Amino acid sequence: MNRKWRKQITAGMLAAALVSGSVFTSFAADYTAAPDGKTDASEMASTMGISKAWNNWKSEWEEVKTDWTQISLTPGSDASQLNFAWYTKKAAEGKNKAPKLMIGEGKTMRKAKVYTAAQTEVEGETDSEGNTYYSNKVTVKGLKENKTYYYSYNNGNGYTKPEKYKTKSTDEFSFIYVGDPQIGSSNELKGEDSDEFYAAQSDSVRSDSFNWAATLNAAMKKSANKASFVVSAGDQIQTTKKKSPNKDASKSEIEYTGYLSPEILKSLPVATTVGNHDADNANYTYHFNTPNSSELGSNGIVGGDYYFTYGDVLFMMLNTQDTNVAEHKQFIEQAVEANKDCKWRIVTLHQDIYGSAEHSNEPEITNLRYELTPYFEENDVDAVLTGHDHAYSRSKMLLGGTQSELAAAYTDDEFDAQLDKDMDTKGDEETTLFTAPGNIKDDTTDPEEQKYLEYLNSIMDADAVEKISEENDTVFNPEGILYMTASSSSGSKYYDLVPRMQTYIAGRWQEDVPTYSVIDVDDDSLTINTYRTDNGEKIDKSFTIVKGTEYREQLQAAVNSAKKNEIKAKHTYTAASYKVFAKAYCQAVKVLRNKKATETELKNAYTALTEAKAGLVKKACFQKKQ
């Protein structure tokens, strides 16, 4: 793809001494900001071999784009519950009846339960035909594991065709982690009230929503159709109320239509996070039915923090568009207290407090980092999933980062002034870059530029990197926290990586392609694999956190699981990938038989088996059956 690289915040890792042999030249007047990179759906479809689907979607979009009544699914309070939300048109006063949703077992919907929706009027919004709407919400309870259900709901035109929803196991499960669908962001026009803007918005939403669907489909296939839900790190749509034509909130509804349009979302719940593009518009609360919602962390428009559990994991979703950190602290403490038995604790928030692209070094972001991380550490959080930066990064295990006096005092205005020098490209250059150029050199003599570089050095948090004794892709019983930043899941906008990679970064990637992560969880381990949407290739190593002290028991459990699952399915994997797996499996069995095996030997055998399992590749014929 011929993509233009974008104006970037070029902040990042300074080597220990911030020294180089280059000579800084004054910032020339012909340096200008370049537009954001993005992925056009037609090119994505061609690359993935799904151009026919794209052509079909272009026709279908003309009918879909005005339909505000599509349903959204959100994880319930726990795995036995499922939350729904959808719009219906508001009839004349006194004639509305709250719509219902029914759900039952199998295609015949045995033992069907009928739920009447709780309704809220969608205020201040009218569609092109003058219709106003209600938001309808239902919480389904009593769902059982590994069972197939069908549901149907009244969308104002009678009951919909029954849709399939299959519950999964909670002992060992997978979920999909994505960042910034931001449907509509590929539109380069501003929110003016003009025919040109509305045409560009429709075309952009059509493209972005197609790519969003492609990512979800690819992620579900990569999980072997086992993913239980999606975690989105915020910015579901692009158009804020403030920046919409005439500050009309309804102008974002076409973007929510695009966001909810993928067929897979009728059977795949999404746990959304409030991003800065979601935060000033109550449409977010109308379209999503979040469980255990709190007023703590609320900005007064889109609600506050919420949590849910799935198996042995507590998921805490923070609305950090409200920067009242004391409220987030209180919420985390309450959620942990109510779910003491959960072994794993995962926080999701929008801002990339330990990221590695455009936003990662902004003072407002790093200030939030140092305010939040002590509370994450006090409450034994294992991983923090973020977005906002439209580029992928994975941190090292981090613990005890502290803010310097310079970082605490450095202002956004000071920072931004230097960014303009550091991040821009020369003249009309349209070179495809994935890492910003870094025009400010390490040996600059300009006092303000020196201060900028000193600030960057002060937020590297080298001292916060937990000392792990073994260099591999599995960590055992870490005290520190893993911080992830997801790239764009729709390709609607990309940011370049900062030129000086931060000390706290273990892995990062940007090639202007949509990405997603599949996260596997069991009693003892949490494993993350991240892929590009277009060809399914990994963009980072598999990374696993193992909790517990009984390494022999963990290895035995891994061997038992492999014997039960992967070995029985040997014929479904490619010979090369299975050969690596079989070797790791046999070595693990050998280590287990050695009653004098050391802790290191047990760890290494577990690591090798876990990585070999993650590296198994399905044969093409079995991939098509997924």
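A quick yes/no check of all residues on (1) buried (at least 20 other Cβ atoms within 10 Å of the Cβ); (2) of a type in the set (Ser, Thr, Tyr):
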{"residue": "Tyr375", "(1), (2)": "no, yes"}
{"residue": "His390", "(1), (2)": "yes, no"}
{"residue": "Arg394", "(1), (2)": "yes, no"}
{"residue": "Asp416", "(1), (2)": "no, no"}
The conditions are (1) assigned to a loop (DSSP other than H, G, I, E, B); (2) open to solvent by less than 10 Å² (accessible area, probe 1.4 Å), and Asn187 fails exactly one of them. Which is it? (2)
Would you call Gly179 without any contact (Cβ under 8 Å) to a residue 24 or more places away in the chain and either of a type in the set (A, V, I, L, M, F, W, C) or out of contact with any Lys or Arg (no Cβ under 9 Å at 6 or more places or on another chain) (or both)? no
Filter region 258-284 for residues that are among the polar types (S, T, N, Q), surrounded by fewer than 22 Cβ atoms within 10 Å (Cβ to Cβ) and out of contact with any strand residue (DSSP E or B) (no Cβ under 8 Å at 6 or more places or on another chain) and give the result. Asn276
For region 520-537, check the following and say yes or no: at least one residue is open to solvent by 70 Å² or more (accessible area, probe 1.4 Å) and modelled with pLDDT of 90 or more. yes
Could you tell me which residue of region 330-361 is farthest from Lys493 (Cα to Cα), considering only residues that are crowded, with 19+ Cβ neighbours inside 10 Å and either charged (D, E, K, R) or touching a His at 6+ places or on another chain (Cβ under 8 Å) (or both)? Arg345
Could you list, in sequence order, all residues of region 461-501 that are farther than 30 Å from Ile183 by Cβ, in a loop (DSSP other than H, G, I, E, B) and open to solvent by less than 10 Å² (accessible area, probe 1.4 Å)? Gly480
Would you mind stating whether Asp248 is over 20 Å from the mean Cα position of the chain (by Cα) and within 25 Å of Ile353 (Cα to Cα)? no
Taking region 226-257 and keeping residues open to solvent by 20 Å² or more (accessible area, probe 1.4 Å), at pLDDT below 95 and either at positive phi or of a type in the set (A, V, I, L, M) (or both) leaves Asn246, Lys247
Checking the conditions here, which among Tyr452, Tyr495 is under 22 Å from the mean Cα position of the chain (by Cα) and among the aromatic types (Phe, Trp, Tyr)? Tyr495
Tally of residues being open to solvent by less than 20 Å² (accessible area, probe 1.4 Å) and farther than 24 Å from Thr132 by Cα across region 295-308: 5
Options Gly130, Gly104, Gly142, Gly191; residue that is farther than 30 Å from Tyr494 by Cβ and modelled with pLDDT under 95: Gly130
Given the options Ile545, Ile528, Ile519, name the one that is of a type in the set (A, V, I, L, M, F, W, C) and in contact with a Ser or Thr (Cβ under 6 Å, 6 or more places away or on another chain). Ile528
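The values are calculated or read from the model by the stated rules, or taken from the named source; none is laboratory data. All figures in this text were calculated on a predicted structure; none of them were measured in a lab. Every residue, glycine among them, receives a Cβ derived from its backbone with ideal geometry; neighbour counts consider all protein chains shown. Side chains included, ligands, DNA and RNA excluded: accessible areas come from the protein's heavy atoms. Shrake-Rupley method; radii C 1.70, N 1.55, O 1.52, S 1.80 Å.
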